[in-house]
1. Quick check on segment 212-221. Is at least one of its residues under 24 Å from residue 274 (Cβ atoms), basic (Lys, Arg) and at pLDDT 95 or above?
2. Among what's in segment 191-204 and is part of a helix (DSSP H, G or I) and open to solvent by less than 10 Å² (accessible area, probe 1.4 Å), pick the residue that is nearest to residue 289 (Cα to Cα).
3. Can you tell me which residue in segment 131-172 is nearest to residue 85 (Cα to Cα), limited to those that are among the polar types (S, T, N, Q) and under 21 Å from the mean Cα position of the chain (by Cα)?
4. Take residue 264 and tell me if it is surrounded by 19 or more Cβ atoms within 10 Å (Cβ to Cβ), among the small types (Gly, Ala, Ser) and out of contact with any Cys (no Cβ under 8 Å at 6 or more places or on another chain).
5. Return the residues of segment 161-190 that are farther than 18 Å from residue 273 by Cβ and open to solvent by 10 Å² or more (accessible area, probe 1.4 Å); say none if nothing qualifies.
6. Going by the conditions given, is residue 215 surrounded by fewer than 16 Cβ atoms within 10 Å (Cβ to Cβ), in contact with a helix residue (DSSP H, G or I) (Cβ under 7 Å, 6 or more places away or on another chain), among the polar types (S, T, N, Q) and closer than 24 Å to residue 30 by Cβ?
7. Do we have residue 280 as outside any helix (DSSP H, G or I), within 23 Å of residue 28 (Cβ to Cβ) and modelled with pLDDT under 95 here?
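The values are calculated or read from the model by the stated rules, or taken from the named source; none is laboratory data. Note that the structure is a prediction, hence the values are computed from the model and not measured. Quick reminder, even Gly has a Cβ in these numbers, built from the backbone with ideal geometry, and neighbours come from all protein chains shown. Please note that ligands, DNA and RNA were not included when accessible areas were found on the heavy atoms of the full protein model with its side chains. Shrake-Rupley method; radii C 1.70, N 1.55, O 1.52, S 1.80 Å.
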Amino acid sequence: MHDLVRAAALGLALVFTTPAIAAAAPAEGRYTSSGEGPVNSWWVETPHGQLILFDAQRDTSNANQLIAALQATGKPVAAIFVTHPHPDHVTGLGLVAAAFPQAAVYASAPTAAEIGGDTQGLLKLAADASPGALPPPHFTRVLRDNEAVAVDGIEVRALVLGDGESVGVAAFWLPKMKLLVSGDVATTGYVPWLAEARTREWLAQLDDLKSRVPSGARTLPGHGEPAGYAKLSGWMRGYLQAVRREVGAAQRPKSPEGVKVTEAERGAIAASLTKQFRTKGGVAGLPIERLWKLNIDAVARELTDGLKGYLPEK
């Protein structure tokens, strides 16, 4: 089990492949790592021609390619925002911040605390396996819920949601652009990371965001394609509800081994969810069978014992 957990931790961080770079609109750009578990880093352009970057990639290879993509714009990076502390979003943060020393670096207070403390050990595993990774930079400022900063004429407001998909989840709302950067709270098309056993909290976070941003707000997700918030959140809500329902059914007293989810039941749940939601793989760069095991076992633990967080067996 220890090897499985280690593989999962590294899978969140490591995909060494050729990148895909796309510009969705004149004021918006994206770098996406290709291959298993593609992760997005987004940037938007300010009225005065500077860039605001969100998230910093999963490893040094992709971080260096993100840096090259940003430099190719010919525009300075004014600020870097971090949505949450999973390694696929922050392993490259030290490199990216060093490449743009003029950029202010922001995160929510709980995200900054987890990046500094690494309570689950995932960040160290990722950094050790990513040659050339630099320590995370000093944060210019840590943000509380609903706190805003102005970056070259653009207001960026932190919507701090708490623990869910990861510790210290946050999204960022840019009201002038009517743009939401959702991180991994609202995505579509990929099997999400559920291994931290907080699907109930995640569902509440989707409702929280629904009450705080327009349903049609253009939303830039951590994985997958952008869309309106209603579309992305609707897909994610449906997925979380379905996995809870199917895992719960496998734990009924009359199921083959009661509350224990068997390998056969796990396979049936994975097949059912894949068919229902047409997923293209997982958000983590590890074999999909391993992600399914981590996810289903965590949801089972959450539903039966109420145990939260990432609790790998030793």
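1. No: zero hits.
2. Within segment 191-204, the match that is nearest to residue 289 (Cα to Cα) is 199.
3. 166
4. So residue 264 fails the test.
5. Result: 161, 162, 163, 167, 173, 175, 176, 177, 178.
6. So residue 215 fits the description; yes.
7. Details: outside any helix (DSSP H, G or I): yes; within 23 Å of residue 28 (Cβ to Cβ): yes; modelled with pLDDT under 95: yes.
For residue 280, the condition - outside any helix (DSSP H, G or I), within 23 Å of residue 28 (Cβ to Cβ) and modelled with pLDDT under 95 - is met.
Matching residues to (1) among the hydrophobic types (A, V, I, L, M, F, W, C); (2) over 25 Å from residue 93 (Cβ atoms):
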site: 147; (1), (2): no, no
site: 190; (1), (2): no, no
site: 203; (1), (2): yes, yes
site: 208; (1), (2): no, yes
site: 211; (1), (2): no, yes
site: 215; (1), (2): no, yes
site: 219; (1), (2): no, no
site: 226; (1), (2): no, no
